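Read the structure below first, then the notes.
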Amino acid sequence: MENGYTDLPPGKLAAVVTYLEMCSPLPPDLHPTMLEYDIRLVEKPDLAWYLRLYREIGGRWLWFSRLRMSDDQLRAILHHPEIDVFVLSHNEVDAGLLEFDRRRMPDIEILYFGVTPSHIGTGVGRALLDYGLAAEWQHHPQRIWLHTCTWDHPNAVAFYMRAGFVAYKRGLEITDDPRLTGELPRDAAPDVPIL
């Protein structure tokens, strides 16, 4: 790949993707803030419920891939026995989502992770991640990996590294802007201009 800048046509977005991995479990941190929260594994989640939470958490960060799927495609993933969906709740209101994919063992991928805007920076995201990681290490994977990109929270890479992940690869993602295709509202991700 050549050094320099590359122009994109109107309606396209590009992000730098960072891949991170964890090859052995770390002892979980204690999370005193979790006394008011509940974490549960949701088996075969209802699609409307899932998509509402997915949009609420991911809209600002341009999460769109699940919005491009048919109900049958999404159901096939979410209802697969090797997909684990953990949800964080506060006062019986869902506020966090953590999704693992065990279909390619010995690797487990974190497909989605985030908390609602009002819970960012409160520490409950780290508690949800630690809870989910402890559960997934019980399946004895070789590694747990994920990718994040420049559309995600600006502290995402540092957050994952503090949690014990190590960056191992970079890539580029180029896609149609989901705000122009109608998959997300035009006011989603206000820090990323629509061109």
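The values are calculated or read from the model by the stated rules, or taken from the named source; none is laboratory data. Predicted, not measured: the structure shown is a model, and the values here were computed from it. When we count neighbours, we look across all protein chains shown, and the Cβ atoms used for this are built from the backbone with ideal geometry, even at glycine. Note: accessible area is taken over every heavy atom of the protein model, side chains too, but ligands, DNA and RNA are not part of it. Shrake-Rupley method; radii C 1.70, N 1.55, O 1.52, S 1.80 Å.
Figures for the structure shown
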read-out: Calculated FRET efficiency for the pair residue 174/residue 24, C-beta based, R₀ 41 Å, to 0.05; value: 0.75
read-out: The chain - percent of accessible surface contributed by carbon and sulfur, probe 1.4 Å; value: 54 percent
read-out: Cβ-based charge dipole, region 139-195, positive-most Cα from 175, 157, 189; value: 157
read-out: Positive-pole candidate from 106, 9, 78, dipole of the chain, charges at beta carbon; value: 9
read-out: Calculated log₁₀ intensity ratio I(q)/I(0) where the Debye formula runs over C-alpha points of region 92-135, q = 0.26, 0.30 Å⁻¹; value: -0.93, -1.10
read-out: Centre separation in Å (Cα based) which lies between region 68-127 and region 136-180; value: 14 Å
read-out: Semi-axis lengths, Å, the chain, gyration tensor of Cα atoms, sqrt of 5 times eigenvalues; value: 27, 20, 18
read-out: Förster-model FRET efficiency, 30 Å R0, residue 120 and residue 140, C-beta, rounded to 0.05; value: 0.40
read-out: R0 of 22 Å, Cβ-Cβ distance residue 89-residue 181: FRET efficiency to nearest 0.05; value: 0.10
read-out: Sparsely packed GluC sites (Glu not before Pro) within region 56-141, loop by DSSP, other Cβ within 10 Å at most 13; value: 82, 92
read-out: Dipole magnitude of region 1-100 about its Cα centre (Cβ charges: Lys, Arg +1; Asp, Glu -1), debye to nearest 20; value: 380 debye
read-out: 1.4 Å probe accessible area per residue over region 90-172, in Å²; value: 49 Å²
